[in-house]
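The values are calculated or read from the model by the stated rules, or taken from the named source; none is laboratory data. Since the model is a prediction, treat every value here as computed from it, not as a measurement. Ideal geometry is used to build each Cβ from the backbone, glycine not excepted, and the neighbour counts take in all protein chains shown. We work out accessible area using only protein heavy atoms, side chains counted, and drop any ligands, DNA or RNA first. Shrake-Rupley method; radii C 1.70, N 1.55, O 1.52, S 1.80 Å.
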Amino acid sequence: MSFSARNRTRYIQQLQEETFDLLVIGGGITGAGIALDAVARGLKVCLIEKADFASGTSSRSIKLIHGGLRYHKQLEFGIVREVGQERTILYKNAPHIVIPERMLLPIIEGGSLGKYSTSLGLYVYDRLAGVEKDERRNMLSKEKTLEQEPLLNTSILKGGGMYVEYRSDDARLCVEVMKTAVEKGALCVNYVAFNSFTHTVSNKVNGANCTDMINNIHFHIKAKKIINACGPWVDELRKKDNSLHKKRLHLTKGIHIVIPKERLPIQQAVYFDVEDGRMIFAIPRGKKIYLGTTDTNYNEDKNFPYAHKEDVIYILNAANHMFPSAELKIEEVESTWAGLRPLIHEDGKSPSDLSRKDEIFISDSNLISIAGGKLTGYRKMAERSVNVVCKQLKIEEGRQFNPCATEFIKLSGGHLEKYPNEYARDLQDDFKQFYLDDVLDLVLKYGSNTEYILASAQTNFKDNLLLAEAEYCLEYELTNNTSDFIIRRTGRLYFDRPQLAGCLDEINQYFNTQLNYSTEQAENNHQNFDKEYTRVVAFKNV
Ligand code: FAD
């Protein structure tokens, strides 16, 4: 497999020279899933992404592989069943980035959950979602709930329900899916922006005019079929295709905040009521707790959504109501992120009531657009989209394609025969110079690929794990700069911001020299990261 930033110029050349069965536009989880599904069925596939892979919503979610409890509340039972099955499949294929996490639902005075309705709700949910026996719901008295979570507000607590959700890392999941597609022969390139469509004489799309955003070169890609998987930008492409009629997107913003774990030392994840009737999560991740999310209409710049002061205060007030002894303060928030939900508009519905269902639109010019959906359901969304392409190619060219096989494809890094903790311990036995915590941290990002990083640290980097990790990302994950590495590949901007100052120069220097960046490109690399570094704490000023 070749997926190296050192070879990017060659990939751009290939994009221009070949004719593809399918061009996927958009390198979030939806596009990545489609590329993998299509290449596994035997199509010749390319994918372009205008910025970094997962730089849109797919690095900005609350990072859960949901069993679909909220859909159950909205009586969307079909989705509960589907996402429950998807969660099981993902856990099997990517056990390093899909981690079971105990989740406590506190039941409170005046809250949205009653004791009996929660018990019944979780019971039905367990059955519909096909939850394993040892992960099924467990209802708790007030005393037992407090034993589990002593920080809860005793004055309003009535009891609790315990169930299991799965925690993930959205951007890593997206990159692992993309790498797997590339291993199977797809050509996936980031920093290539779609500009306009080209058409056959019968006015069907047959290619795209694009720009290489790193070298500012314009070129054309030839493709028989095109899927628009641009998430919040789906309607921009439909507009350029003159097909933005009837249904359209409705964007809502959700923000998350990160605080040190010692400021809210909860024992497990908690999904709790907010006084306005919504619910939010508090989720432990390493030495941090992150909390989210909000759901507000959004009409600003799609490229740079960020958390405003009022968003952060909303989450802090909700947390302080549920965990009053914590007395969380705005100054203690270390980092934030904000994402845009690409939902399908329904007249008269509030943001939280809009369905999370996905939908495919096929235009007169045969542009296939897929909108809505969830990270958790990406594989089924891909299957449905690729089915459309295969059906069309069968009719037009008489070609036969294999059925969808992604259920059985392990994702890159997913070849673990043991739980991540045990695998990390085994690896550390072989590489005793590294701390177990550091090895485990790598395993939870790179899974079975961690051994390449450790071996390379030992052989080429005098045991400098950070540089060995940067080299792995540059060589095997098309990582082009500091932001790609620190934000999407490793999540450090969100979960390690206070520590970043100590290693930034080393990382900047590494990408600049390894990719032979000119002085101007190096300066851009620096400045682009600086903007992101500031944006995650912009709420302190606005
Ligand atoms: P995106 O990830 O946005 O990808 C679209 C890509 O298209 C972008 O990278 C963009 O740069 C690219 N693009 C746009 N225009 C062009 C162009 N002209 N040329 C080339 N490329 C272009 N789902 C869950 O399952 N679990 C959760 O816990 C969860 N939590 C969420 C919390 C929040 C706050 C939000 C906002 C969403 C959450 N979701 C969750 C939903 C999930 O994150 C999204 O459904 C999913 O990430 C959407 O992926 P996508 O690939 O469709 O869009």
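Only sites in a loop by DSSP and with at most 15 other Cβ atoms within 10 Å count here; which trypsin sites (Lys or Arg not before Pro) in the stretch 298-338 make the cut? Counting only loop positions with at most 15 other Cβ atoms within 10 Å, the trypsin sites (Lys or Arg not before Pro) in the stretch 298-338 are Lys329. The local environment of Cys390, defined by Cβ-Cβ distances under 14 Å, has a net charge of +3 under the rule Lys, Arg +1 and Asp, Glu -1. Per residue, the convex hull spanned by the Cα atoms of the stretch 122-199 measures out at 262 cubic angstrom.
Excluding ligands, DNA and RNA, the accessible surface per residue across the chain is 41 Å² with a 1.4 Å probe.
Evaluated at q = 0.11 Å⁻¹, the base-10 log of the normalised Debye intensity for the stretch 346-440, with identical point scatterers placed on the Cα atoms, takes the values -0.63.
Quote the relative contact order of the stretch 266-422 in percent (integer), defining contacts as alpha-carbon pairs under 8 Å separated by 6+ residues. Reported as a whole number, the value is 11 percent. Relative to the 2.2 N^0.38 Å rule of thumb, the chain has a C-alpha radius of gyration ratio of 0.96.
For the charge dipole of the chain, defined by +1 on Lys and Arg C-beta atoms and -1 on Asp and Glu C-beta atoms about the Cα centroid, which residue among Leu104, Pro351, Thr145 has the Cα displaced farthest towards the positive pole? Projecting each Cα onto the dipole axis, the largest value belongs to Pro351.
Seen against the Cα atoms of the chain and their longest principal axis, helix 465-476 is set at about 40 degrees.
Mean sequence separation of contacting Cα pairs (under 8 Å, at least six apart), scaled by the length of the stretch 7-149, corresponds to a relative contact order of 17 percent. Here is the size of the stretch 3-42 from its Cα atoms: Rg then Dmax, 11.4, 29 Å. All C-alpha pair distances within the stretch 217-266, sorted into 10 Å bins from zero, spread as 16, 31, 20, 16, 13, 5 percent across the bins. Sorted largest first, the spans of the alpha carbon positions of the stretch 298-359 along the three principal axes are 44, 26, 18 Å.
The listed peptides 59-65, 169-175, 134-140, ordered by packing as a protection proxy, come out as 169-175, 59-65, 134-140 (highest mean of other Cβ atoms within 10 Å first). Look at the alpha carbon pairs under 8 Å that are at least 6 residues apart: their mean separation over the length of the chain gives a relative contact order of 20 percent. Rg/Rh for the stretch 447-499 stands at 0.98; both radii use Cα atoms, and Rh follows the Kirkwood definition. Once backbone amide H atoms are built at 1.01 Å from N, Cys188 has Leu47 as its partners under 5 Å, excluding neighbours fewer than 5 places away on the same chain. Surface composition of the chain: carbon plus sulfur atoms contribute 49% of the solvent-accessible area (1.4 Å probe, protein chains only, all chains present).
Every helix of 4 or more DSSP H residues in the chain counts as -39500 (n - 2.57), and over all residues that averages to -11000 deg cm²/dmol at 222 nm. Taking each of Lys302/Lys418; Lys92/Lys142; Lys204/Lys247; Lys394/Lys445 in turn, the alpha-carbon distance tops 30 angstrom for Lys302/Lys418; Lys92/Lys142; Lys394/Lys445.
Overall dimensions of the stretch 417-488, expressed as equivalent-ellipsoid semi-axes from the Cα gyration tensor (√(5λ), whole Å, largest first), are 20, 14, 10. Report the Cα centroid-to-centroid distance between the stretch 385-431 and the stretch 311-341 in angstrom, as an integer. Spelled out, the Cα-based centre of one part sits 37 Å from the other. Per residue, the convex hull spanned by the Cα atoms of the stretch 265-372 amounts to 150 cubic angstrom. Considering only C-alpha atoms, what is the centroid distance from the stretch 157-197 to the stretch 496-523, in Å? Measuring centre to centre over Cα atoms gives 25 Å.
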